[in-house]
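These notes are about the structure you will find just below.
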Amino acid sequence: TSVGEVREVLALARQQNKKVKVVGGGHSPSDIACTDGFMIHMGKMNRVLQVDKEKKQVTVEAGILLTDLHPQLDKHGLALSNLGAVSDVTVGGVIGSGTHNTGIKHGILATQVVALTLMKADGTVLECSESSNADVFQAARVHLGCLGVILTVTLQCVPQFHLLETSFPSTLKEVLDNLDSHLKKSEYFRFLWFPHSENVSIIYQDHTNKEPSSASNWFWDYAIGFYLLEFLLWTSTYLPRLVGWINRFFFWLLFNCKKESSNLSHKIFSYECRFKQHVQDWAIPREKTKEALLELKAMLEAHPKVVAHYPVEVRFTRGDDILLSPCFQRDSCYMNIIMYRPYGKDVPRLDYWLAYETIMKKFGGRPHWAKAHNCTRKDFEKMYPAFHKFCDIREKLDPTGMFLNSYLEKVFY
């Protein structure tokens, strides 16, 4: 795929009145990239175009996978200051869906973008940054794939660094009572809560000079941890009350003692997502963390038939000024819930999902764009102060709605 070919596809789409969707790594469980029109896969637009050593900036084609970008940055002694757990995703998709990690000093991944180029529905290319087309730039860093085709992205990097990850057991009460001190203590702090228990695993990741070392034990973490978990969760589909026991058992088995490992930053940031799963991940104002989590816990205690797999992963992200960023104008707490699908089997989750969404909405939550959620335009108008501004920009860039699909029509209509 080249810029010329993308332009041809758009011309053909205009001629035949077809919709166009760009698809990235195909990792998102939501329908944000689905279409029955034309689909553009940017896999071949995956080059590193320029490395500016002085500014520590790198310009890449939007179809490059993070997996392929990391070794290239390593070569130049550079790194991205923050990354999500998964790297088989494209740069264009990672920013467009509002991907995040954790660290109250760090924004979502799109905050690392300093410039981008965008092809509009009519085939013209806009160069966007703080200094040119600034309003489009403010929208396009979380673009949802609906503003045009992102062609290139310039990312602000930092010098290559190593991270030391320390995880240790704690309790829900301790971590919620001392949130601020945990946030001060560690640059990339997160914690995992094991529903149906008081158990918490706290994870610190911080800059280090230590030699790479690993605490993971393949036998326990994978052979036993992974296969045994899948089998036990499958069993629990017949005996749901096993879930609480499974959560506590795995905490004891894998999370009950302190562990340390160190490596290059991108190797510590990424980890295995295990097997098939359903996920919800909403951002709420950071100061609501304790109330919201205690309410989720109270809901599970009041409804013993509603079961929740481990972990509930809690992460923290700095506020930003990107129009449709879930962290727009507020430091946020992301509360990620999960239901695994052992051997691909569907597990009843709708009661849990609904109760979680109700709590998240009550505390002013905003859903992760790439995950499942049931929100419509009415919800988004309430959630996002700049929603109408984004809509105006979208309508200017794509007046005929070439880049819409049924997922996005729920968002905008």
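Ranked from the most accessible area to the least, with a 1.4 Å probe and all protein chains present, what is the order of ASP36, ASP320?
Listed by decreasing accessible area, they come as ASP36, ASP320.
Give the lysines whose C-alpha is closer than 28 Å to that of LYS75, dropping any in the same chain fewer than 8 places away, or say none.
Excluding near neighbours in sequence, the set is LYS44, LYS53, LYS55, LYS56, LYS105, LYS210, LYS267.
With every protein chain left in place and a probe of 1.4 Å, what is the accessible surface of ASP351, to the nearest 10 Å²?
110
Full extension from ASP31 to GLU301: what is 0.36 nm times the residue separation minus their Cα-Cα distance, to one decimal in nm?
Once the chain is fully extended between ASP31 and GLU301, it gains 93.9 nm.
Under a point-charge model restricted to the Cβ atoms of Lys and Arg (+1) and Asp and Glu (-1), what is the dipole moment magnitude of the chain relative to its Cα centre, in debye to the nearest 20?
With only Lys, Arg, Asp and Glu charged at Cβ, the dipole is about 460 debye.
Between the DSSP loop rule and a limit of at most 12 other Cβ atoms within 10 Å, which trypsin sites (Lys or Arg not before Pro) in the stretch 262-315 are left?
Numbers: sites: LYS267, ARG274, LYS276, ARG286, LYS288, LYS290, LYS297, LYS305, ARG315; in loops: ARG274, LYS276, LYS305.
When the trypsin sites (Lys or Arg not before Pro) of the stretch 262-315 are filtered for loop state and at most 12 Cβ neighbours within 10 Å, LYS305 remain.
Taking the Cα centre of the stretch 162-367 as origin, work out the dipole magnitude from +1 charges on Lys and Arg Cβ and -1 charges on Asp and Glu Cβ, in debye rounded to 20.
340
So between GLU5 and SER216, what do we pick up on full extension, going 0.36 nm a residue minus the alpha carbon distance?
This chain segment gains 71.4 nm when fully extended.
What is the diffusion coefficient of the stretch 176-277 in µm²/s, taking the Kirkwood radius over Cα pairs and the Stokes-Einstein relation at 4 °C with a viscosity of 1.567 mPa s?
The Stokes-Einstein estimate is 83 µm²/s.
Ignoring ligands, DNA and RNA, what percent of the accessible area of the stretch 1-46 is carbon or sulfur (1.4 Å)?
Percent of accessible area from carbon and sulfur atoms in the stretch 1-46: 47.
Relative contact order of the stretch 175-238, please, whole-number percent, based on alpha carbon pairs below 8 angstrom and at least 6 residues apart.
Values: 33 pairs, mean separation 12.6, N = 64.
Contact order relative to length: 20 percent.
Express the carbon and sulfur contribution to the solvent-accessible surface of the stretch 68-201 as a percent, rounded to the nearest whole number, probe 1.4 angstrom.
Looking at the stretch 68-201 in its full context, I get 53 percent from C and S.
For the stretch 319-390, which trypsin sites (Lys or Arg not before Pro) are in a loop by DSSP, counting at most 16 other Cβ atoms within 10 Å?
Passing both the DSSP loop test and the Cβ count: LYS345.
Where only protein heavy atoms count, and the probe is 1.4 Å, what is the accessible area per residue for the chain in Å²? Can you show the working numbers first?
Values: 18100 Å² over 413 residues.
Accessible surface, normalised per residue, equals 44 Å².
Which whole-Hz ³J(HN,Hα) couplings does the stretch 347-354 yield from phi under the Karplus relation 6.51 cos²θ - 1.76 cosθ + 1.60, θ = phi - 60°, glycine and proline marked x?
After applying 6.51 cos²θ - 1.76 cosθ + 1.60, I find 10, x, 9, 5, 5, 4, 4, 5 Hz.
Note down the Stokes-Einstein diffusion coefficient of the stretch 256-394 in µm²/s, whole number, using a Kirkwood radius over alpha carbon pairs, 10 °C, and 1.306 mPa s. Let's see the in-between values first.
Working: Rh = 16.7 Å.
My calculation gives 95 µm²/s for D.
What's the center-to-center distance, using Cα atoms, between the stretch 104-179 and the stretch 352-413 in Å?
18
Distance between the C-alpha centers of the stretch 21-70 and the stretch 295-345? Whole Å please.
One Cα centre to the other: 27 Å.
Obtain the nm distance between the two label points defined at ASN209 and ASP346 by a simple spin-label model: each point lies 7 Å from its Cα along the Cα-to-C-beta direction.
About 5.6 nm, to one decimal.
Need one number: the % of Cα-Cα pairs in the stretch 162-367 sitting beyond the 23 Å mark.
Within the stretch 162-367, distances greater than 23 Å cover 47 percent of Cα pairs.
State the extension gain, in nm to one decimal, for the chain segment bounded by GLN16 and LYS276, taking 0.36 nm per residue of separation less the distance between their alpha-carbons.
89.8 nm
If the reach is capped at under 16 angstrom between alpha carbons, list the lysines near LYS371, excluding any in the same chain fewer than eight residues apart.
Once the sequence-local lysines are set aside, what remains near LYS371 is LYS276, LYS361, LYS410.
Counting each DSSP H run of 4 or more residues in the chain as -39500 (n - 2.57), what helix-only mean residue ellipticity at 222 nm follows after dividing by all residues, to the nearest 500 deg cm²/dmol?
Mean residue ellipticity, 222 nm, calculated: -9000 deg cm²/dmol.
Specify which residue in the list TYR384, SER214, ALA62 is farthest towards the positive end of the charge dipole of the chain, using unit charges on the beta carbon of Lys, Arg (+1) and Asp, Glu (-1), about the Cα centre.
TYR384
Cross-link candidates for LYS305: which aspartates and glutamates have Cα within less than 15 Å, leaving aside residues fewer than 8 places away along the same chain?
Candidates past the 8-residue exclusion: ASP351.
Taking a quarter of the surface of the convex hull around the Cα atoms of the chain, what do you get in nm²?
Approximately 19.4 nm², given one-decimal rounding.
The values are calculated or read from the model by the stated rules, or taken from the named source; none is laboratory data. This is a predicted model, so every value here is computed, not measured. Every residue, glycine among them, receives a Cβ derived from its backbone with ideal geometry; neighbour counts consider all protein chains shown. Surface areas here come from the heavy atoms of the whole protein model, side chains and all, with no ligands, DNA or RNA. Shrake-Rupley method; radii C 1.70, N 1.55, O 1.52, S 1.80 Å.
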